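One structure below.
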Amino acid sequence: MKRRHSIAQFSDASIRWDVIVIGGGATGLGTAVDAASRGYRVALLEQSDFTKSTSSRSTKLVHGGVRYLAQGDIGLVTEALHERGRMKQNAPHLVKDQRFIIGNFRWWEKPFYTLGLTLYDILAAKRAFGRSLPVNRQQVTAEIPQIRVRGLKGGVVYHDGQFDDSRMAVHLAQTATEYGAACANYVRVTGLRKDERGKITGVDACDLLTNRLFHLHAGAVVNATGIFVDELMQMDVRGKAGLVRPSQGVHLVVDRSFLGGDTAIMIPKTADGRVMFGVPWHGKVVLGTTDTPMSEFTLEPRALDREIDFILRTAGAYLLKQPQRADVLSVFAGLRPLAATGKNADEKKTKEISRNHKIILSESGLITVVGGKWTTYRRMAEDAVNRAIAVAGLPRRKCVTRHLHIHGYKKDVNQASFHGVYGSDYEKILLLQHENGRWNEKLHPQYDYTGKEVVWAVREEMAFTVEDVLARRLRLLFLDARAAMEAAPKVASLMAKELGEDTAWEQAQVDAFVETAKGYCLHP
């Protein structure tokens, strides 16, 4: 995946793109894969790094949404469960079956949740990951040794999917380019080009790494910018009413000893009416999430003290070993771009706004995708491309992504090792150690990441900053912020040699990363 190839194509004013996708998160990358795999000429532009915002900050679940089932949204749950099955089928190196337990502390909970989760399995049909079953108290404590035993009467086991969100995004970008799409991060759209009738004919953009300007022509433009969709719609029509309400979700990462096993815990009803998870992920445990209405959109949101305290308090009520602020290895926050387009949307609590996606067509022809979630990214992309075909008058071609293998596709990878997320690419990464033996050295003594993964990220995954590598290619920032800061100088040195940068660039990169990483730390 070479960025310079895409930039060269953006510079060619004679090219008329069938579809330009703005946004390099789950929806945008999925749309690029769908359109390119149908044979259309596709350009994707991302203003920062792929999944810099919302799509790298999920709960790491590929799920139908047990909470939405309780709300009676059978349609959304059914669609998500089917898409969950397709994600695992198409990217088995990135999506795995995760076993969950709901601990039961009241007599009625076991039959109630068994019945509800059996319906969950039925809706999944042949794509079910495993059967939901009631279990006794001893079985619960055997699987989750650190669950609170006082008052525990048993539990219910169910299955959902777990994945690495940013790794999925990188592999989607690679898939899109393999089908001919031109994709680039750090290219910001600065304006929409229109004809005399006010119809969109393309975009103006700037390469933020070189300040080079581009003028791209297209049959259709898809606004898949997530929390920034309103900003782009303002480019189209000034004064346009906002379509998105941001809701902040915060996650805390702690040591795996807080669960004590490989089974996840699901807390079905928190004090604010949400569900909460404790999920094993890359050798740690992710606790979350919250649902806090916000008024501002930002690429780097910060957790509020009350959100952190809420997660610690709620998790502590269900675990023997109660997590404290000093136990938190990393805290990350993301903004959900909820599609609040109803008349009374402003009055709704964000947790009550549907996670269904919507495709909106402006008078100018701008196609905007709002709402949705990672699990349904493929379906959102299919709907967006179908609309783009109609807008641009493109020859109709059938969607092929339901059974399309994602880059790196490989069955039976070692899910216990981080290296498993590379799938078939890891064999190529191993060869790098023969090019330079020092690349096999660890970046940090407590983690298995080595220099060869950094070199691979620069050469093959469009990583241009230390943050790109440590946050979204290796995930160390999300797992252990302090360790990530300690690894930053080694990463900067490796990247500088690959990119041809000097020591001043190295130091600037380390300084910038450390400043960002401080926001992921809770204690001195």
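Structural remarks
- Relative pair counts by distance (%), Cα atoms of the range 437-484, 5 Å bins: 5, 24, 31, 26, 13, 1
- Carbon and sulfur %, accessible surface of the range 53-127 computed with the full protein complex present, 1.4 Å: 63 percent
- Cα gyration tensor shape for the range 405-524, rounded if a/c is under 1.5, else prolate or oblate: oblate
- Derived scalar couplings between HN and Hα for the range 376-387 equal 9, 4, 5, 5, 4, 5, 4, 5, 5, 5, 4, 5 Hz in order, rounded to whole Hz, by the Karplus curve 6.51 cos²θ - 1.76 cosθ + 1.60 (θ = phi - 60°), x for Gly and Pro.
- Three-way shape call for the range 289-448 based on the alpha-carbon gyration tensor, with the a/c threshold at 1.5: oblate
- Within the full protein context, the accessible area of residue 6 is estimated at about 10 Å² for a probe radius of 1.4 Å.
- For the chain, the solvent-accessible area works out to 40 Å² per residue, with a probe of 1.4 Å and every protein chain left in place.
- Of the peptides 410-419, 511-520, 152-161, the ranking by mean beta-carbon count within 10 Å, highest at the top, reads 152-161, 511-520, 410-419.
- Cα-Cα separations in the range 1-40 greater than 10 Å, expressed as whole percent: 73 percent
- Hydrodynamic analysis of the range 50-107 uses the Kirkwood radius over alpha carbon pairs. Inserted into Stokes-Einstein at 20 °C and 1.002 mPa s, it gives a translational diffusion coefficient of 160 µm²/s.
- Fraction of accessible area attributable to carbon and sulfur, the range 139-188 (%, probe 1.4 Å): 47 percent
- Annotation: amide H of residue 450 within the under-5 Å range of 443, sequence separation 5 or more or interchain, hydrogens built in the peptide plane.
- Rg and Dmax over the alpha-carbon atoms of the chain stand at 22.6, 72 Å.
- For the peptides 266-272, 19-25, the ranking by packing is 19-25, 266-272, with the highest mean count of neighbouring Cβ atoms within 10 Å listed first.
- Per-residue accessible area (protein heavy atoms, 1.4 Å probe) orders 503, 190, 290 as 503, 190, 290, starting from the largest.
- Listed residues 521, 183 arranged by accessible area, highest first, probe 1.4 Å: 521, 183
- Rg/Rh for the range 1-147, where both radii come from Cα atoms and Rh is the Kirkwood radius: 1.12
- If the Kirkwood radius is taken over C-alpha pairs of the range 149-243, then at 10 °C and 1.306 mPa s the Stokes-Einstein diffusion coefficient equals 92 µm²/s.
- Approximate spin-label separation residue 460-residue 497, in nm, with each point projected 7 Å along Cα-to-Cβ: 1.9 nm
- Sorted largest first by accessible area at a 1.4 angstrom probe radius, with every protein chain in place, the residues 150, 86, 212, 188 fall in the order 150, 212, 188, 86.
- With a cut-off of 20 Å on the backbone N, the residues of the range 491-518 near the modelled label site 7 Å out from residue 446 along Cα-Cβ are 491-492, 513-518.
- Taking each residue as 0.36 nm, the span from residue 210 to residue 197 lengthens on full extension beyond its C-alpha to C-alpha distance by 1.4 nm.
- Label-point separation in nm, residue 11 to residue 414, each point 7 Å along Cα→Cβ: 4.3 nm
- Anisotropy class of the range 182-320 from Cα gyration tensor, a/c 1.5 cut: prolate
- Each peptide in 237-248, 363-374, 74-85 gets a packing score, the mean of other Cβ atoms within 10 Å over its residues, and the list from highest to lowest is 363-374, 74-85, 237-248.
- Between the range 9-50 and the range 77-141, the alpha-carbon center distance in angstrom: 35 Å
The values are calculated or read from the model by the stated rules, or taken from the named source; none is laboratory data. Computed from a predicted model, the values in this text were never measured in an experiment. Note that we place each Cβ from the backbone using ideal geometry, even for glycine, and neighbour counts take in every protein chain shown. Areas reflect the complete protein model, heavy atoms only, side chains present, ligands, DNA and RNA absent. Shrake-Rupley method; radii C 1.70, N 1.55, O 1.52, S 1.80 Å.
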